[in-house]
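Have a look at the structure below, then the notes.
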Amino acid sequence: MNVKNIIGLGTAAIGRPLYINIKQKDSSSKFSRQQFTDQAVQVLDRAYERGIRYFDTAPGYGIAEEILMDWLLTKNDPSIEVATKWGYTYVANFDPTAVVHEIKEHSLTRLKEQWRTSKNLFPFLHTYQIHSATLETGVLNNQEVIAFLGEIKKQHDIQIGLTTTGASQVEVIKKALDVAYEGTPLFEVFQCTFNILDQTLLTVAPKLRKQGRKLIIKEAMANGRIFPSNRFPHYELLHKTLERMANQHNVGIDAIALQFCAASVSPDWVLSGASRVAHIDENLLANNVALGQEQLSELSKHGTSPEAYWKERSALPWN
Ligand SMILES: NC(=O)c1ccc[n+]([C@@H]2O[C@H](COP(=O)([O-])OP(=O)(O)OC[C@H]3O[C@@H](n4cnc5c(N)ncnc54)[C@H](OP(=O)(O)O)[C@@H]3O)[C@@H](O)[C@H]2O)c1
């Protein structure tokens, strides 16, 4: 039987050594760019070998775009789809003691500058996204930015999208649905946060589907918070439930969490944030899990308020 793959690969964790998540592996050893790149290529190779064809990247992910561009030169496969973004610049220079890791700037100048590099991802580039669109940056009201993105879409025949983060993501999505360029809706791809703890997307996902917009899920494992840990005793019941289901289906907790996202909002892809080969294999087991309605309802009871979810996320360290 052919199993449909629901997993795409996000490259945030393979492009920079530090990232916001609950790191289970020690990351204090000295950074070697060569070793880091080799490991990233191994992850890309494994993902490809196992059938993953959707890759998400960004200039804000350190050297992820560069690694991906080099790796793509070894591929002659038109079924590969790459999505990248603009709006964040990586500034930590692989320094484990860096205080500032990235700078967000939703200006036309930054857009033009990052586009110049990112367009080298053609012919694999399918989607160009605003990285973390929020109401605060005013990016959805910036007519110069909207026009530039509209022209990219026309000239290069690619999809324009945005990624959403934070307690107001639903508000941002609703606003983005109404943004048009020359009478046509601008945004075709919505990369949004959804997981067992943050289920706010449920209120707008049916509308996205109905309007034929693409939906990509990120942060499916809540930055690692779904895994048992002393740091989050308030999720003990969820962790026990996940362990029980994982045992029943003979997979890891990650596979249950990824399949929960797929079954709940029917996205085009759920992103895996794997930074090592073993996690690719484990994450892909999500494809083989069939969660029943009872299991889905049991998991969905663990949703938290968006305010609590994002407050906790913003307190997570870069590690
Ligand atoms: N647009 C945005 O603003 C934005 C924000 C976040 C993410 N993204 C995209 O989404 C992608 C996915 O990243 P994510 O943050 O959503 O990551 P994620 O996949 O939700 O979570 C990664 C966490 O899960 C852990 N993990 C994964 N598989 C595991 C396994 N089999 N066993 C144990 N632990 C496992 C990782 O552990 P380790 O730390 O040990 O690896 C890490 O702590 C990113 O690469 C990026 O492309 C976009």
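The table that follows gives values for the structure above.
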| quantity | calculated |
| --- | --- |
| Qualifying positions in the range 60-90 - part of a loop (DSSP other than H, G, I, E, B) and either under 27 Å from residue 45 (Cα atoms) or of a type in the set (Val, Ile, Thr) (or both) | 60, 61, 62, 63, 73, 74, 75, 76, 77, 78, 79, 80 |
| Residue within the range 158-169 that is hydrophobic (A, V, I, L, M, F, W, C), at pLDDT 95 or above and over 18 Å from the mean Cα position of the chain (by Cα) present | yes |
| Among (1) surrounded by fewer than 17 Cβ atoms within 10 Å (Cβ to Cβ); (2) in a helix (DSSP H, G or I); (3) within 16 Å of the ligand (Cβ to nearest atom); (4) among the hydrophobic types (A, V, I, L, M, F, W, C), the one test that residue 147 misses | (3) |
| Residues of the range 261-293 classified as over 19 Å from residue 44 (Cβ atoms) and under 16 Å from the mean Cα position of the chain (by Cα), total | 6 |
| Residue 118 vs. criteria over 24 Å from residue 74 (Cβ atoms) and either within 18 Å of the chain's Cα centre (by Cα) or of a type outside the set (D, E, K, R) (or both) | no |
| Any helices (runs of 4 or more DSSP H) falling wholly within the range 162-268 and containing at least 3 residues that are more than 19 Å from residue 130 (Cα to Cα) | 205-210, 236-249, 253-265 |
| Residue within the range 85-94 that is under 21 Å from residue 113 (Cβ atoms), touching a Leu at 6+ places or on another chain (Cβ under 8 Å) and at pLDDT below 95 present | yes |
| Where residue 140 falls short, out of the listed (1) touching a helix residue (DSSP H, G or I) at 6+ places or on another chain (Cβ under 6 Å); (2) of a type outside the set (Val, Ile, Thr); (3) not in a helix (DSSP H, G or I) | (3) |
| Among the residues listed as 93, 120, the single one being assigned to a loop (DSSP other than H, G, I, E, B) and among the polar types (S, T, N, Q) | 93 |
| Residue selected from the range 81-101 under the condition within 16 Å of residue 163 (Cα to Cα) and not small (Gly, Ala, Ser), by the criterion surrounded by the most Cβ atoms within 10 Å (Cβ to Cβ) | 84 |
| Any chance residue 152 is outside any helix (DSSP H, G or I) and either surrounded by 15 or more Cβ atoms within 10 Å (Cβ to Cβ) or within 13 Å of the ligand (Cβ to nearest atom) (or both) | no |
| Which listed residue, of 219, 282, is crowded, with 21+ Cβ neighbours inside 10 Å, within 28 Å of residue 39 (Cβ to Cβ) and of a type in the set (D, E, K, R) | 219 |
| Residues within the range 155-176 that are touching a strand residue (DSSP E or B) at 6+ places or on another chain (Cβ under 7 Å) and either away from the ligand (no atom under 14 Å from the Cβ) or small (Gly, Ala, Ser) (or both), tallied | 5 |
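One line per residue, one yes/no per condition, for (1) touching an Asp or Glu at 6+ places or on another chain (Cβ under 9 Å); (2) within 16 Å of the ligand (Cβ to nearest atom); (3) at pLDDT 95 or above; (4) not aliphatic (A, V, I, L, M):
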site	(1), (2), (3), (4)
76	no, no, no, yes
83	yes, yes, yes, no
113	no, no, yes, yes
120	yes, no, yes, yes
127	yes, yes, yes, yes
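The rows are residues; the columns are (1) surrounded by fewer than 22 Cβ atoms within 10 Å (Cβ to Cβ); (2) at pLDDT below 95.
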| site | (1), (2) |
| --- | --- |
| 27 | yes, yes |
| 32 | yes, yes |
| 36 | yes, yes |
| 46 | yes, no |
| 55 | no, no |
| 58 | no, no |
| 70 | yes, no |
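The values are calculated or read from the model by the stated rules, or taken from the named source; none is laboratory data. Note that the structure is predicted; figures quoted are calculated from it, not measured. Note that we place each Cβ from the backbone using ideal geometry, even for glycine, and neighbour counts take in every protein chain shown.
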